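Report on the following structure.
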Amino acid sequence: MNSFSALAEFLNLPELLDRVEGDEDLLRELLALFQEDLPASREALQAAIAGGDLGEIERAAHRLKGMLANLSAGGAASFAAEIESAARVGNAPKIPGLVQLFDPQIIALSAALDSFMASA
Amino acid sequence: MRILIADDDPLSLRLLERTLERVGYEVTAVKNGRRAAEEMCQPEGPRLALLDWVMPELDGPAVCRQIRKDRGGHHVHIILITSKDSKQDIVCGLESGADDYLVKPFDPEELKARLRTGQRILQLEDNLVEAREQMHYKATHDPLTSLLNRGMIVDLLVRELIRARREKTCTVVILGDVDHFKAVNDTYGHPVGDEVLRELSRRLLGSVRSYDFVGRYGGEEFLVVLNNCNPANAMSRAEQIRQAVGQTPVTTAKGPLPITMSLGVLASLGGEPKLVDEILSDVDHALYEAKGAGRNCCRQAGAPVLTR
């Protein structure tokens with residue numbers, strides 16, 4: 001996991017490398033796809049929250065959760081899952097607090113990915 | 001083996017695509033449910049599908065229902081991929097027509113094992129279809145000559161007569177009988193007789209058009225049905241067949257044997273045709289006349305049959 005070790009703080013690398021069956025090129029490609037998709041996915045979540053649309057919040061959080069889970073980004077994925085489930089059960093007051101915990105994780109992960117890719 | 005994967009999450013889609021390509025699947029990857037349904041519902045579409053549950057336009061269960069509706073004739077193995085894992089969700093997915101489900105993020109070994117299960121079921125279906133086709137072939141063809149058997153050639157004649165009546169066309173029916181065939185069997189043995197029948201079958205098939213029918217009607221009797229034929233040409237077509245059969249000796253294990261055939265000919269015009277039994281009886285009578293006239297010749301049954 002050598003070159004990826006800088007990401008160990010955010011991603012469960014052994015699990016992730018198992019998932020890509022040791023294919024590091026594929027892993028780099030997936031990280032790039034995530035970075036590419038992230039701004040739009042976050043915007044969709046923010047817009048849904050601003051509009052107070054619980055259905056949209058659930059969908060946007062579900063999508064983020066799926067991507068984060070595929071990258072074995074456990075911490076961020078579990079916050080996304082909590083946002084999704086709060087939206088599903090209609091617990092709107094809980095959502096802003098969860099987003100406050102989720103956002104810094106995502107920002108830190110994205111920054112780590114930026115510097116990882118710049119160094120690669 | 002072709003497989004369709006559908007997921008709106010680009011990471012998941014690429015991960016699936018690469019995992020499957022690595023083990024030799026030919027992957028079609030699409031990003032929404034509508035495209036998945038379009039690909040899967042083509043008659044020759046993939047027979048394996050991995051569908052994400054939550055997708056824009058059509059979700060996984062809706063795609064399942066569409067596939068089951070449009071491709072009901074054959075098995076298509078569908079696995080839903082979902083992060084939903086409550087019992088209720090799983091039951092709902094299976095009720096929509098999915099065969100299996102996988103919780104994401106998936107384990108690559110589990111994914112491959114579940115796809116192998118799907119392939120075993122598809123293979124089983126292929127074997128059954130092949131066995132059914134073989135049985136159908138055996139039920140409709142003569143094992144010695146591979147021509148249509150009596151039941152099938154008569155069925156096709158009936159169908160052709162109905163069509164000819166509808167379209168007001170003429171069907172020419174020819175019944176051929178190998179001359180002195182008993183002598184071939186008695187002199188050279190039945191294996192040589194069989195060789196003669198096989199070679200004559202090839203010559204008969206070679207002397208008609210691809211859309212005409214040739215069947216083995218009895219031991220050494222052959223029934224030929226010429227579709228959509230000009231009645232004025234009935235005798236000349238029969239004559240061509242007679243010559244194709246008898247022109248060159250048949251090569252056998254006991255040397256070349258001169259073989260000829262007598263033929264009864266009947267042209268059935270559209271309009272209200274005779275019953276098939278009457279047609280077969282009349283053409284048999286014409287064949288009998290050809291035998292009486294010295295064999296190796298053609299005789300036509302009366303004037304072309306119009307109506308009754």
- Message: Need the failing condition index for residue B:169 against (1) among the polar types (S, T, N, Q); (2) at pLDDT 95 or above; (3) over 22 Å from the mean Cα position of the chain (by Cα), just the number.
- Response: (2)
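Just name the residue that is farthest from the other protein chains (Cβ to nearest Cβ) out of those in segment A:24-45 that are free of Cβ contacts under 8 Å to residues at least 12 places away in the same chain and open to solvent by 30 Å² or more (accessible area, probe 1.4 Å).
A:43
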- Matching entry among B:153, B:162 (being over 25 Å from residue B:257 (Cα atoms) and touching a Phe, Trp or Tyr at 6+ places or on another chain (Cβ under 8 Å)): B:153
- Note on the structure: Pairs returned, first residue in segment B:19-31 that is outside the structural domain of residue B:107 (by TED's automatic domain parsing), second residue that is assigned to a helix (DSSP H, G or I) and of a type in the set (Phe, Trp, Tyr), beta-carbon separation under 6 angstrom, 6 or more apart or interchain, are none
- Lone qualifier among A:48, A:6 - being in contact with a Lys or Arg (Cβ under 8 Å, 6 or more places away or on another chain), surrounded by 13 or more Cβ atoms within 10 Å (Cβ to Cβ), over 20 Å from residue B:82 (Cβ atoms) and more than 11 Å from chain B (Cβ to nearest Cβ): A:48
- Contacts under 6 angstrom Cβ, first residue in segment A:98-120 being touching a residue at least 40 places away in the same chain (Cβ under 8 Å) and of a type in the set (A, V, I, L, M, F, W, C), partner in a helix (DSSP H, G or I) and surrounded by fewer than 20 Cβ atoms within 10 Å (Cβ to Cβ), 6 or more apart: A:113/A:35; A:116/A:6
- Query: Is it the case that some residue within segment A:60-71 is away from chain B (no Cβ under 12 Å) and in contact (Cβ under 8 Å) with a residue 40 or more places away in the chain?
  - Reply: no
- Item | Filtered residues of segment B:103-116 (kept if exposed (fewer than 14 other Cβ atoms within 10 Å of the Cβ) and more than 10 Å from every other protein chain (Cβ to nearest Cβ)) | B:110, B:113, B:116
- Item | Residue, nearest to residue B:216 (Cα to Cα), within segment B:176-188, restricted to residues that are hydrophobic (A, V, I, L, M, F, W, C) and not in a strand (DSSP E or B) | B:181
- Any idea which residue in segment B:186-203 is least open to solvent (accessible area, probe 1.4 Å), counting only those that are out of contact with any strand residue (DSSP E or B) (no Cβ under 7 Å at 6 or more places or on another chain) and among the acidic types (Asp, Glu)? B:194
- Can you name the helices (runs of 4 or more DSSP H) wholly within segment B:87-175 that have at least 1 residues being within 30 Å of residue B:192 (Cα to Cα) and touching a residue at least 60 places away in the same chain (Cβ under 8 Å)? B:150-167
- Task: At least 3 residues that are open to solvent by less than 10 Å² (accessible area, probe 1.4 Å), within 14 Å of chain A (Cβ to nearest Cβ) and touching a Pro at 6+ places or on another chain (Cβ under 9 Å) in each: list the strands (runs of 3 or more DSSP E) lying fully within segment B:1-55 that qualify.
- Result: none
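Yes or no, residue by residue, for (1) under 22 Å from residue B:52 (Cβ atoms); (2) open to solvent by less than 20 Å² (accessible area, probe 1.4 Å); (3) among the aromatic types (Phe, Trp, Tyr):
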{"site": "A:59", "(1), (2), (3)": "yes, no, no"}
{"site": "A:67", "(1), (2), (3)": "yes, yes, no"}
{"site": "A:79", "(1), (2), (3)": "yes, no, yes"}
{"site": "A:105", "(1), (2), (3)": "no, no, no"}
{"site": "A:108", "(1), (2), (3)": "no, no, no"}
{"site": "A:111", "(1), (2), (3)": "no, no, no"}
{"site": "A:116", "(1), (2), (3)": "no, yes, yes"}
{"site": "A:119", "(1), (2), (3)": "no, no, no"}
- Task: Filter segment B:204-256 for residues that are part of a strand (DSSP E or B), of a type outside the set (Ser, Thr, Tyr) and open to solvent by 10 Å² or more (accessible area, probe 1.4 Å) and give the result.
- Result: B:213, B:216, B:221, B:255, B:256
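The values are calculated or read from the model by the stated rules, or taken from the named source; none is laboratory data. Keep in mind that this is a model prediction, so the values were computed, not measured. A quick note on method: Cβ atoms are made from the backbone with ideal geometry, for glycine too, and the neighbour counts reach across all protein chains shown. Quick note on the areas: whole protein, heavy atoms, side chains included, nothing else; ligands and nucleic acids left out. Shrake-Rupley method; radii C 1.70, N 1.55, O 1.52, S 1.80 Å.
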